[in-house]
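Okay, structure first, notes after.
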Amino acid sequence: MARAPKKKYAMIVLDGTVILPNMTVQLEFPKESGLVNVVEEAMKKNQFVFVVNRINKDKEVTLENVGRIGTITTVYSIYKNIPGDVVKINVEGISRGELEGIDDSNDLFLAEVRVLKAKIEPPMSFTEGETELSSEDIRIMAENTAIIRILKDTLIKYSKVHPKTMKAVQRLFDSVKSIDNLIDGIAGILPLTNEEKLKVLQSENTRDRLNVLVASMDKEIEVENIKMDLVKNVKSKVEKNQREYVLREQLKLIKKELDKDGGDESEEEIFKNQVEALIATDEVKARILKEIDRYTRISPESSEGAVQRNYIETLLEMPWDKVSKDSENIDKAVKILEKEHYGLDKVKERVLEFLSVRMLTNKGDSPILCLVGPPGTGKTSVAKSIATALNKKYVRISLGGVRDEAEIRGHRRTYVGAMPGRIAMGLKNASVKNPLMLLDEVDKASADYKGDTSAALLEVLDGEQNSKFRDNYIDVPLDLSEVLFIATANDKNAIPRPLLDRMEIIDLSGYTENEKFHIAKEHLVKKQLKANGLKGSQLKITDEALEIIIQHYTKEAGVRGLERNIGKLCRKAARMIVQDGRKSVTVSVKNIKDFLGNEKFHFDKANEKDEVGIVRGLAWTQVGGDTLQIEVNIMPGKGDVILTGQLGDVMKESAQIGISYLRSIAKSQKISADTFKKNDFHIHIPQGSVPKDGPSAGITMATAVYSAITNKKVRADVAMTGEITLRGRVLPIGGLKEKLLAAKTAGIKTVLVPVKNEPDVSEIDEEIKDGLEIVFVETMDQVLRRAIV
């Protein structure tokens, strides 16, 4: 390398960018900086600027704080009028220069630089006729040839990882005659870091510069080869289009290569830690671990990955073997049940039996109860009280209107939006495997082309099968044997027989007026006072007023309507207290119409006198019992039977059976045979807008027809219920408690009941039977003897 004399150049100190000879670079700096004057001064003189890099950018520019070797550049353009208060200049590296001093006597930095000119080397290869080369030239030529081969070999390797750079480098080999210029050109073309370029620039001799350049290229080749190996290993696991997953896997492998693991826990590790903490059998844990392993092989960003993640999370949230400790304090259970519900003795008795067995055996199979009764009788609320008494988690599943079998068993995971069934979701929400699960309105479940909901419940409610219940979504057997199932229904006849057979039926018939009175006074009034922000001293409802509400403002088996009326009293009282400034309000018989308006219901009381052709029957309805006054008229005609009052087919047949029976006994009762040929019989049951059906009015209609034919009066204080046969036998009926309640409310003194219903009568509370003479009848002869005056 030849050494030239020293020259002075304007100097620019850079902190980042490195300029090599033959490189064209655009520099940018603020207008306020002194570099503008440096450049302008250089443009006036020779357009040369010496560019050198600062060693420590936090210190001032001194000879010791800048690089010893920099680049002499020429400024060929300057741009001042651009936005942003900056100046841009374009410079081109000419040659390297060695800094020997800095002249800062003026405002400008002037660098004393000795130009390091690259020698023109001897020929780089032998040509024909060249025989007069000196030994030194031969040595230099051999050295240059070795350098070029090293560069070419390295560049061939480099081109495999960066093929686009090879064409530009090839042009350098063809045009450059100096090894130093070749090294500078290659360093300028390749994507080296500023630190690597600075090493190439500031290395003193050609060999050192070559070593720096080759080392940088070898490092880049190694990095790219490792990168390609990583990409190749990762691509074998995933599809080509899953770019994000590839990058994530690359990051994992890179971390592993650099031994820099130890960051946040991966999703897989979180799942596995949750499996370790899970209270479940080894089989369940093995299944979840298998699903986690499958999830790790799927791209988390794909739709399949999201489905698999949701499935694993659901499995981890299920209470496989997690149980809550049931209360074993039977006295506490009794207090809770008695405090929260009045009556319902059969339900309370069955729950206490279950608790007693559990205490004796430490296990005891959970019963499957079905509470059947009219709306508003406390079926749902008593289930909550049972859960509280037994210290069980409470889960309510409403089956009203459910018609898809998948609602019970769950959807298969192949379907979009699949989820577990209501039973599995109930367990998940309860977080224990032994909750109290209320299947509300089980008689309202229906079926369609997707399956039968009631059929799906067969396995759930079968104590012999439900220990291995399989939900389609969970796809792992669930143990339901420790779940305390309680179902509710309004009509057990609407429940399919196989399902009904799996449950223990407990009838909750309508409340008596006395029971309603106690429920209202002890529970409903307090509840509504609290709901409406009133204190007990602000509203007083007399006992007589409560009785009037029960008798004339509600007509129901339960107490929902009663509670609504009490709530209405509370709201009106609240307004009077707030608006009128009253301190307290009292509701009595005298002013109850001011709060609730006129009476809405009137029970048909027993007739005051005996009449011909009018008989009081008893009926069961969804809202409790009722009395039916059956009327019969006989008119001249041709023996036709006219039935009115919106009667059903069964009721019409009962009327025909009654008339046929009377025709069969006409001779013994001294009834003329022409009576049935020359007269028409019109049977009417009032309240024609209300549909009526059933066989229990058979003896009532037969008695009314008999009274009309013989012109004999029927006792006004007698009511009756029973099915009649052609031979005059009286068959048993249902809903007896509600019917006796209706008879007592109507002021009936004597009730005729089929003799086969005697066991049912014995189970009815004495409160209902008190004041009633219940006469058991087996034939129509006995009915007529008791009913006809």
Do any helices (runs of 4 or more DSSP H) lying entirely in the stretch 477-565 carry at least 1 residues that are β-branched (Val, Ile, Thr), and which ones are they? 513-519, 525-531, 543-552
Of LEU337, LEU369, LEU360, the only residue that is free of Cβ contacts under 8 Å to residues at least 60 places away in the same chain and closer than 23 Å to SER467 by Cβ is LEU360
When you look at LYS433, is it in contact (Cβ under 8 Å) with a residue 60 or more places away in the chain, among the basic types (Lys, Arg), under 30 Å from LYS332 (Cβ atoms) and out of contact with any Cys (no Cβ under 7 Å at 6 or more places or on another chain), yes or no? yes
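Against the condition more than 20 Å from GLY510 (Cα to Cα), at pLDDT 90 or above and either open to solvent by 60 Å² or more (accessible area, probe 1.4 Å) or touching a Pro at 6+ places or on another chain (Cβ under 7 Å) (or both), how does LEU726 come out, does it pass?
Yes: the conditions hold for LEU726.
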All conditions in (1) open to solvent by 10 Å² or more (accessible area, probe 1.4 Å); (2) of a type outside the set (A, V, I, L, M); (3) within 29 Å of GLY373 (Cα to Cα) are true of THR453 except (1)
Any chance THR296 is under 30 Å from LEU458 (Cβ atoms) and either open to solvent by 20 Å² or more (accessible area, probe 1.4 Å) or in contact with a helix residue (DSSP H, G or I) (Cβ under 8 Å, 6 or more places away or on another chain) (or both): no
Screening GLU60, GLU41, GLU32, GLU28 for residues that are among the acidic types (Asp, Glu), touching a strand residue (DSSP E or B) at 6+ places or on another chain (Cβ under 9 Å) and open to solvent by 80 Å² or more (accessible area, probe 1.4 Å) leaves only GLU28
State whether one or more residues within the stretch 560-570 are among the polar types (S, T, N, Q), crowded, with 17+ Cβ neighbours inside 10 Å and modelled with pLDDT of 90 or more. yes
Residues that are surrounded by 21 or more Cβ atoms within 10 Å (Cβ to Cβ) and under 18 Å from the mean Cα position of the chain (by Cα), drawn from the stretch 387-396: VAL395
Residue check, GLY305 more than 25 Å from ALA430 (Cβ to Cβ), of a type outside the set (Val, Ile, Thr) and in a loop (DSSP other than H, G, I, E, B): no
Subset of the stretch 669-697 [surrounded by 16 or more Cβ atoms within 10 Å (Cβ to Cβ), under 49 Å from the mean Cα position of the chain (by Cα) and either more than 19 Å from GLU723 (Cα to Cα) or among the basic types (Lys, Arg) (or both)]: LYS692
Could you check ARG422 against (1) within 30 Å of ALA455 (Cβ to Cβ); (2) at pLDDT 85 or above; (3) of a type outside the set (A, V, I, L, M); (4) surrounded by fewer than 21 Cβ atoms within 10 Å (Cβ to Cβ) and say which number it fails? (4)
With respect to LYS227, is the statement that it is in a helix (DSSP H, G or I), under 24 Å from GLU98 (Cβ atoms), without any contact (Cβ under 8 Å) to a residue 60 or more places away in the chain and open to solvent by 30 Å² or more (accessible area, probe 1.4 Å) true? no
Could you tell me which numbered condition GLU40 fails, if it satisfies all but one of (1) acidic (Asp, Glu); (2) more than 16 Å from ASP15 (Cα to Cα); (3) within 60 Å of the chain's Cα centre (by Cα)? (3)
If ASP760 meets every condition in (1) open to solvent by less than 60 Å² (accessible area, probe 1.4 Å); (2) under 56 Å from the mean Cα position of the chain (by Cα) apart from one, which number is that one? (1)
Looking only at the stretch 730-747, count every residue that is open to solvent by less than 50 Å² (accessible area, probe 1.4 Å) and modelled with pLDDT of 90 or more and tell me the total. 3
Test: residue in the stretch 27-45 that is part of a strand (DSSP E or B) and among the β-branched types (Val, Ile, Thr): no
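The values are calculated or read from the model by the stated rules, or taken from the named source; none is laboratory data. Not measured: the values here are computed from a predicted model. With ideal geometry, Cβ positions are generated from the backbone for all residues, glycine too; neighbour counts draw on all protein chains shown. Keep in mind that these areas ignore ligands, DNA and RNA; they rest on the heavy atoms of the full protein, side chains included. Shrake-Rupley method; radii C 1.70, N 1.55, O 1.52, S 1.80 Å.
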